[in-house]
1. Picking from 548, 599, which residue would you name as being open to solvent by less than 30 Å² (accessible area, probe 1.4 Å), out of contact with any Ser or Thr (no Cβ under 9 Å at 6 or more places or on another chain) and in contact (Cβ under 8 Å) with a residue 40 or more places away in the chain?
2. Would you kindly identify the helices (runs of 4 or more DSSP H) lying entirely within the range 424-483 that contain at least 1 residues that are under 22 Å from residue 381 (Cβ atoms)?
3. For the range 545-557, check the following and say yes or no: at least one residue is farther than 30 Å from residue 636 by Cα, modelled with pLDDT of 95 or more and not aromatic (Phe, Trp, Tyr).
4. Output the number of the condition that residue 222 fails; it satisfies all remaining conditions of (1) out of contact with any helix residue (DSSP H, G or I) (no Cβ under 7 Å at 6 or more places or on another chain); (2) touching a residue at least 24 places away in the same chain (Cβ under 8 Å).
5. Only one of these conditions is not met by residue 482: (1) modelled with pLDDT of 95 or more; (2) of a type in the set (A, V, I, L, M); (3) under 26 Å from residue 530 (Cβ atoms). Which number is it?
6. Restricting to the range 136-194, name every residue that is in contact with a Gly (Cβ under 6 Å, 6 or more places away or on another chain), touching a residue at least 60 places away in the same chain (Cβ under 8 Å) and at negative phi.
7. Could you check residue 427 against (1) more than 21 Å from residue 352 (Cα to Cα); (2) open to solvent by less than 30 Å² (accessible area, probe 1.4 Å); (3) free of Cβ contacts under 8 Å to residues at least 40 places away in the same chain and say which number it fails?
8. Give me the residue from the range 711-722 that is in contact (Cβ under 8 Å) with a residue 40 or more places away in the chain and crowded, with 20+ Cβ neighbours inside 10 Å and, out of that set, nearest to residue 396 (Cα to Cα).
Amino acid sequence: IQNNIMSAALSPMRLRLYASQMRGVSSYISELKHHNSSEAVRNNGIHRPYFGIASAKSAKQTHVNISMRQFSNDMQNDNESHLPHGVIRQSDFFGEAITFVNNDIDESLITSIDKAMKIPCSNQNATVQHDIANAVESFDGMALCIVSRGASSLHTGNDGDGPDAKAMHSSAMTWSELLKCASEWNSGNERCTSPMLAVAAVAPLLAQGGKDYVHRIDKLLSATQSPPPSLMRIAKHATSFRDAFVSTSDGDNTTPLLTPRERFHLHALSMLIQNNHRCAMGAYLRLLELYPGDLLGLSLALDVAYSLGDGEAARVAATNVSTYWSERDGGTLRLHPSQSGQTLASSLVAVGLSSSSALSRAATAETLIEMALARDPDGAGGTSVWALSNILGSEGRSSEMVSRLAGFDGTQLYQNCGFLNFYTRMAGYGGIALLDRRGAASERSSLRLYDGGFAHLLNYSGNNAVGINNGGEEVVLRDLKVPRSVASDVVGSIFSGWFGNDDAKEKENDPSLPDQENVQRKRQKPRTLEETLCWLPPSPILLMQATSLLFRLTLVDGVSPSDHRWVDLKAAWKYSLEMGDEANTQKPFEFMPMALLASSLLLDPETLHVENIPTRLESAMKGLNKMGKLLKLGHHDKTSATASEWNEVLRDLAQARDSCQRWEMLDGMESATYLSTRNSGDNSNPSYPIGWDFDVRQFLEHGLCYAAVQVGEYESLCLARAICSEGTTLRQNCPELWWRYSVVLDMLGDEVAAENARACSQSLGAGEGGSTN
């Protein structure tokens with residue numbers, strides 16, 4: 001392919017993709033470049049990943065060309081030939097349709113717009129024409145960023161503040177470009193919209209943080225230079241077109257303005273705006289049945305399933321599309337050539353399969369991960385590590401998990417995943433893996449990961465105790481700019497050494513410097529959109545995983561219960577809870593069971609929810625709340641708890657862990673551990689999901705065993721022995737499990753079995769090795 005042809009046919013962003021190909025960043029981007037540079041491939045009806053628009057073309061000429069295009073699913077072509085002037089269809093990175101409604105459309109042709117969701121128009125200038133080519137390019141970049149969690153960002157962030165800040169900056173650059181386009185197309189003008197731009201800009205935030213978290217981001221965005229419309233405004237404007245119809249070009253009939261795929265995305269978005277993640281999950285599952293090639297839909301479905309704690313929904317989403325993508329990799333039937341994004345699809349499918357502890361699914365998921373990492377470790381590395389954390393954790397392969405998530409080579413796979421702080425989440429899993437490995441200095445290494453990830457995030461965002469006292473995130477984040485560039489710093493230092501004078505030394509010794517800096521800071525311009533999106537406050541998912549790791553560290557005496565980290569974490573949870581709208585019928589993270597579970601360690605469960613919650617979750621929250629009080633997390637109280645108080649914790653956690661009814665003696669003898677369920681009258685679903693297996697174990701299993709040891713009674717220890725027995729059967733390669741089993745057996749008086757369990761733990765590597773960081 002000749003360079004002059006490439007330059008003529010492709011836009012600047014496509015040329016950056018070509019540069020990425022030459023550096024070997026990811027295989028699917030290479031395929032994208034090959035197809036985009038060949039006119040014959042564009043029209044062969046087999047694979048159409050992207051169609052650029054020359055900005056010099058008029059809207060009418062563009063519409064003529066688009067009418068001959070086809071998309072990845074024939075359902076997206078049904079009404080295209082009948083669209084009126086001003087409605088334009090484009091194909092995104094994965095060959096899915098994106099609809100653009102220009103300002104030159106006759107407004108009388110559009111009907112059935114949801115006025116309840118519509119934002120009053122603030123700009124009636126219908127002569128403004130937006131750049132469709134730039135909008136499609138920004139959508140492609142953001143879609144890759146979302147699906148790969150930032151690993152496949154088309155931009156390279158500044159590296160002056162370390163790899164973590166570089167990753168966040170890379171994603172922020174891509175996100176800010178899309179948000180500018182989304183605000184142009186969805187700002188409130190009824191005759192101008194492109195709903196999929198709003199989906200890509202807002203849906204990931206809603207899926208992982210909920211509507212109150214989006215309101216927090218909107219407050220930060222409102223203080224930027226030339227602030228865009230709020231994210232909620234953009235989302236509501238887009239969803240108002242979900243059921244819009246348009247008169248056909250012949251004027252005799254009406255047809256939906258958007259494709260069915262876009263309408264499903266907007267229905268899910270409208271549900272997410274209401275924090276109704278359960279209904280949004282149903283929309284995504286239906287979407288993936290009809291459009292299995294929609295990787296953006298699959299990624300959002302996995303995010304929603306994780307927020308709901310519904311591993312079964314994640315499994316269904318993955319299996320709905322797995323064969324589709326397998327066949328486009330050559331597959332069993334060999335019907336299709338390899339398709340762009342196939343490695344990303346494999347890693348996302350593996351995430352869905354690994355959401356539960358079923359060993360058969362884990363084996364299948366691991367095969368997909370090995371294939372994805374062999375082909376494209378840069379693009380699919382982040383999602384692959386996410387799947388591996390569940391796979392290796394479900395089998396107790398803690399040594400491999402440490403290598404993948406906490407070792408240097410493993411961290412290279414996800415250190416570029418800066419979108420919504422995904423790398424911090426994976427580092428948290430690495431800290432748990434170190435505790436399961438029980439190697440030498442594992443507590444110190446795990447604590448270092450916590451401080452470098454979660455604690456750093458709370459600190460720079462003003463969500464710790466000190467920051468909240470100083471005004472919170474809206475004040476503390478004002479001073480954060482984009483990361484520095486090492487290259488510019490080096491050049492500046494060289495030239496200052498050659499041509500500089502002693503002014504720098506005099507400045508260092510100037511006693512009035514702090515006052516000058518304060519004055520200069522007050523004169524600084526407002527933050528840019530890129531700077532705001534680079535440094536985000538913690539979402540409920542981040543706080544949940546931070547609580548999980550710190551809880552595990554506390555149980556093994558790696559952190560004192562009175563440690564300042566617990567004070568900061570409690571302040572962050574309380575701040576997040578108070579940032580909710582008082583008029584809402586839900587609390588800020590009520591839609592996320594795992595967030596309710598984790599926060600109940602530090603906050604009163606009654607303040608965390610408004611609606612009724614299932615009995616299992618309620619019992620777990622009560623048990624953890626009592627446990628947090630007995631451990632005196634964040635307090636310096638030295639009084640000790642009694643065995644009867646710990647027994648209450650044990651009973652609540654035991655009931656939450658076991659969904660079945662325990663057999664009771666007919667003469668009235670009841671277990672002291674389990675509450676009576678015979679006449680409870682509970683009509684809630686006993687299989688209501690709390691979280692994915694790996695996350696739930698950190699609270700219920702470890703909390704239950706710790707409480708049983710504190711009680712010290714025979715029946716309590718027998719329960720702990722049964723839990724450890726289950727673990728050593730399903731996850732027999734975990735040193736921490738065997739060590740915990742030996743402690744319980746010692747207390748039961750079975751010294752021989754306890755010694756054997758300790759020997760097994762040591763043979764698996766307990767106490768060996770050193771720090772990984």
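The values are calculated or read from the model by the stated rules, or taken from the named source; none is laboratory data. Worth saying up front: this structure is predicted, and the values here are computed from it rather than measured. No Cβ is skipped: glycine too gets one built from the backbone with ideal geometry, and neighbour counts run over all protein chains shown. Keep in mind that these areas ignore ligands, DNA and RNA; they rest on the heavy atoms of the full protein, side chains included. Shrake-Rupley method; radii C 1.70, N 1.55, O 1.52, S 1.80 Å.
1. From the options 548, 599, the qualifying one is 548.
2. 442-450, 456-460
3. Within the range 545-557, the subset farther than 30 Å from residue 636 by Cα is none.
So far as the range 545-557 goes, no, none of its residues is farther than 30 Å from residue 636 by Cα, modelled with pLDDT of 95 or more and not aromatic (Phe, Trp, Tyr).
4. (2)
5. For residue 482, the failing item is (1).
6. Of the range 136-194, the ones in contact with a Gly (Cβ under 6 Å, 6 or more places away or on another chain) are 148-152, 154, 166-171, 174.
Next, from what is left, pick out any that are touching a residue at least 60 places away in the same chain (Cβ under 8 Å): 148-152, 154, 166-171.
Scanning the range 136-194 gives 148, 151, 152, 154, 166, 167, 168, 169, 170, 171.
7. Of everything listed in (1) more than 21 Å from residue 352 (Cα to Cα); (2) open to solvent by less than 30 Å² (accessible area, probe 1.4 Å); (3) free of Cβ contacts under 8 Å to residues at least 40 places away in the same chain, residue 427 misses just condition (1).
8. Only one residue tops the list, namely 719.
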